[in-house]
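**Q** Below: one structure in structure tokens.
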Amino acid sequence: MARKLPMYKAIAEAIAQEMERDENVFVMGEDIGAYGGIFGATNGLLEKFGPERVRDTPISESAFIGAALGAASKGMRPIVELMFVDFFGVAMDQIYNHIAKAHYMSGGQVRMPIVITTAIGGGYSDAAQHSQCLYGLFAHVPGLKIVIPSNSYDAKGLMISSIRDDNPVMYFFHKGLMGLGWMPSPDEAAVEVPEEPYTVPLGEAKIVREGDDVTIATVSRTVYEALWAAEELEKSGISAEVIDLRTLVPLDRETLINSVRKTGRLLVVDEDYMSYGMSGEIITTVVERIGNELKALPRRIAYPDVPVPYSRVLERFVLPDREKIVGTVKDMVG
């Protein structure tokens, strides 16, 4: 019988199934044991596997991410949760200088099968230090894979693929998609999830809505803003194709190019900061490959280069949403 799961349960189930399959898989992080993770992503794991394999850590990010580095170099497969992406600053040396580079600098002798999970996104007035996305920052660093699911089916399959990958993977889940009672999530994010283990390949985007007039490329929670906008645009006779990129590294450039070649127009929607990030990379990819085939200049809607406001009104003003998407597409199509 088909069952629907919220994203947090799908992620926890994926981790549990991989821990059952491979005794080298273990979990570390802040409040991931008895509490089950502040966002539920390790719910029930301590009861199943015990404190040796599900380790609550002190609030010392450089220490436990550094410990994961050491464990991975000796053949373990650690999953490390850092509560908010905003806190990675204190462990950046471990991530971008060591975890990302160890395989290359060892001449391929050292593998780094680490999954670093963390929460991203705003929309609930948690201000400038708990609301960022920042995946573009890590996508900029060679050696790291970047995974960003938008629904519970992908969340489970991408997590299993990430754990089995011999490269370091950073796995970003949006707080507003997890399906927690205290933080609203789109109903569409909780989809049917098979009980058995399965994988979703890294580097394979998904066309979640087909269309002919404009391609909207996006990830995470803004997938739903794009889908809601596409429904509204259809009332005006505009057919929008929506691509859920699912991973930034590897990036499925072929699906992107093929879609824009069909529609002739590209809009990138991103909750990460506008400058030097995902939106610029995607637009450049398209312009370099098929710029002379475009019917309109590519456009982007992203988070302006300002700290995330605490004020709910101001935060909503700067977040990408369906109204901004509808207005921009209508302007592009003319």
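**Q** Which one of 81, 23 is of a type in the set (D, E, K, R) and crowded, with 21+ Cβ neighbours inside 10 Å?
**A** Numbers: 23 fails: crowded, with 21+ Cβ neighbours inside 10 Å.
Residue meeting the stated conditions: 81.
**Q** With the condition kept exactly as written, say whether any residue in segment 22-39 is free of Cβ contacts under 8 Å to residues at least 24 places away in the same chain, part of a helix (DSSP H, G or I) and out of contact with any Cys (no Cβ under 8 Å at 6 or more places or on another chain).
**A** No, segment 22-39 contains no residue that is free of Cβ contacts under 8 Å to residues at least 24 places away in the same chain, part of a helix (DSSP H, G or I) and out of contact with any Cys (no Cβ under 8 Å at 6 or more places or on another chain).
**Q** Tell me, please, whether a residue that is in contact (Cβ under 8 Å) with a residue 24 or more places away in the chain and either polar (S, T, N, Q) or in a helix (DSSP H, G or I) (or both) can be found in segment 293-305.
**A** Within segment 293-305, one or more residues are in contact (Cβ under 8 Å) with a residue 24 or more places away in the chain and either polar (S, T, N, Q) or in a helix (DSSP H, G or I) (or both).
**Q** For residue 34, only one of the following conditions fails: (1) farther than 23 Å from residue 189 by Cβ; (2) of a type in the set (A, V, I, L, M); (3) out of contact with any helix residue (DSSP H, G or I) (no Cβ under 7 Å at 6 or more places or on another chain). What is its number?
**A** The one condition residue 34 does not meet is (3).
**Q** Show the residue pairs meeting these rules: Cβ distance below 6 Å; 6+ apart or different chains; first residue within segment 1-21 and closer than 11 Å to residue 152 by Cα; second residue surrounded by fewer than 24 Cβ atoms within 10 Å (Cβ to Cβ) and charged (D, E, K, R).
**A** Taking only residues 6 or more apart or on different chains, the pairs are 4/192.
**Q** Looking only at segment 202-217, which residues are free of Cβ contacts under 8 Å to residues at least 60 places away in the same chain and buried (at least 24 other Cβ atoms within 10 Å of the Cβ)? Before the answer, list the steps.
**A** In the first step, residues of segment 202-217 are kept if they are free of Cβ contacts under 8 Å to residues at least 60 places away in the same chain; the result is 202-212, 215.
If the condition is that a residue be free of Cβ contacts under 8 Å to residues at least 60 places away in the same chain and buried (at least 24 other Cβ atoms within 10 Å of the Cβ), then 215 is the only one that fits.
**Q** Still on this structure: Does segment 40-60 hold any residues that are outside any loop (DSSP other than H, G, I, E, B) and either touching an Asp or Glu at 6+ places or on another chain (Cβ under 8 Å) or basic (Lys, Arg) (or both), and which are they? Break it down stepwise before answering.
**A** Filtering segment 40-60 down to residues outside any loop (DSSP other than H, G, I, E, B) leaves 45-49, 54-56.
48, 55, 56 - these are the residues of segment 40-60 that are outside any loop (DSSP other than H, G, I, E, B) and either touching an Asp or Glu at 6+ places or on another chain (Cβ under 8 Å) or basic (Lys, Arg) (or both).
Read-outs throughout are calculated quantities, based only on the coordinates presented, and are distinct from any laboratory measurement. Nothing here was measured: the structure is a model prediction, and the numbers come from that model. Ideal geometry is used to build each Cβ from the backbone, glycine not excepted, and the neighbour counts take in all protein chains shown.
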